[in-house]
1. What distance in nm separates the simple spin-label points at TRP159 and ARG184, each placed 7 Å from Cα in the Cβ direction?
2. Just by accessible area at a 1.4 angstrom probe, what is the order of LEU119, LEU62 from largest to smallest?
3. At 1.4 Å probe size, what's the solvent-accessible area of PHE176? Round to the nearest 10 Å².
4. Excluding ligands, DNA and RNA, what is the solvent-accessible area per residue of the chain at a probe of 1.4 Å, expressed in Å²?
5. Mind giving me the nanometre distance, one decimal, between the label points for ARG338 and ASP132, set 7 Å out from Cα along Cα→Cβ?
6. Return the single residue from GLN310, GLN112, GLN289 with maximal mean-square fluctuation; model: Gaussian network over the chain, springs between Cα atoms under 10 Å.
7. Among ILE239, THR148, THR12, pick out the residue whose Cα is farthest towards the positive end of the charge dipole of the chain, where Lys and Arg carry +1 and Asp and Glu carry -1 on C-beta, about the Cα centre.
8. If you rank THR158, THR287 by how much accessible surface each has, with a 1.4 Å probe, what is the order from largest down?
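The values are calculated or read from the model by the stated rules, or taken from the named source; none is laboratory data. The structure displayed is predicted, hence computed values, not measured ones. No Cβ is skipped: glycine too gets one built from the backbone with ideal geometry, and neighbour counts run over all protein chains shown. Note: accessible area is taken over every heavy atom of the protein model, side chains too, but ligands, DNA and RNA are not part of it. Shrake-Rupley method; radii C 1.70, N 1.55, O 1.52, S 1.80 Å.
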Amino acid sequence: MSAVSAQSEPETAADVAALARRALAHWGIDEGEPELLKFRENAVFRIRLPDGQPAAMRIHRLGYHTDAALRSELQWMGFLQSAGIATPSAVATPAGDLFVLVSANASMQSRQVDCLSWLEGRAVGARGVPLDFTPEEARQVFTAIGRTIARMHNVTSTWEPPAGFARHAWNFDGFFGANPNWGRFETSPFLDGARRELVFQARQKAVQALSAHERSARNFGIIHADLVRENVLVHEGAIRIIDFDDCGHGWHMYDLAVALYQNREEAIYPLIETALLDGYRQERELTAQDIAALPLFSALRAFAFLGWVQSRVEGDITGEVGLRMSAIAADVVIAYLRGE
């Protein structure tokens, strides 16, 4: 059982803001109020460091990552930045710590808190909001995203992680094991009888396909695993990647499938998909087998979303939003079943 639902976890914006204020002292900050930017899974605040520079402070959700896993996330981000990929970097405390443990009182479990360098940029988009790019702008942006993803995969394939590196895996068990990374979709309350039956048929197809799918250094490594619109910034024509909270070991095609997932309803989706894949090919090979597997990895993202939604409804999201997101995910899974 994950500790995410432990009663000691703060549940309000005021609770996490109190934690952020307590954490400021660890970075030598004695004035200023943290500005809450996001309160979904992690709580993210904009703060000012003692030198006046902005930074992002994250109050991590309880129980999602071990200390070793969080340290590993920050180490990979640091490596990517050193290799020329635009990502945030960890802002260590004056004591040299990459993160600290903070609690609001003696009865509350400590929460991991870290600070990341601030990256300027405009998010590619937001969940559920149509893109506002012209077709040519979309082609340029998604070509650049594809190239950036490929460069991440390229540089990481030559990286030797430090001793103690530990991240979860977006492998077979990460989707279909006893304890999937984002929860079990089978218990979703948002699937009616007819749709549930089709989703379970699709699960059987996906299990067979993933069990037989190639896994090698060529197509499997450390991936971001959550390249949604909000996590990809555009700044002066360049791509910047944020929010590595879900990074781990997985198939490279999953990164591409996730980057496409929110765009499936766009009228220019074929252009977006072509641009993303063409951009990737400019930096790294994609085989015919890789392309053929894209519907499978899109379905895997949808299965993961079905698990994520049902475990967070009425917490991070409302029941209405959960129903809408689950319907979209189920439709993706059913399209995979039908070979569409």
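1. The modelled label-to-label distance comes out at 3.4 nm.
2. LEU119, LEU62
3. Number for this one is 20 Å².
4. Accessible surface, normalised per residue, equals 44 Å².
5. According to this spin-label approximation, the distance is 3.4 nm.
6. GLN289
7. Positive-most Cα among the choices belongs to THR148.
8. Final ranking, largest accessible area leading: THR158, THR287.
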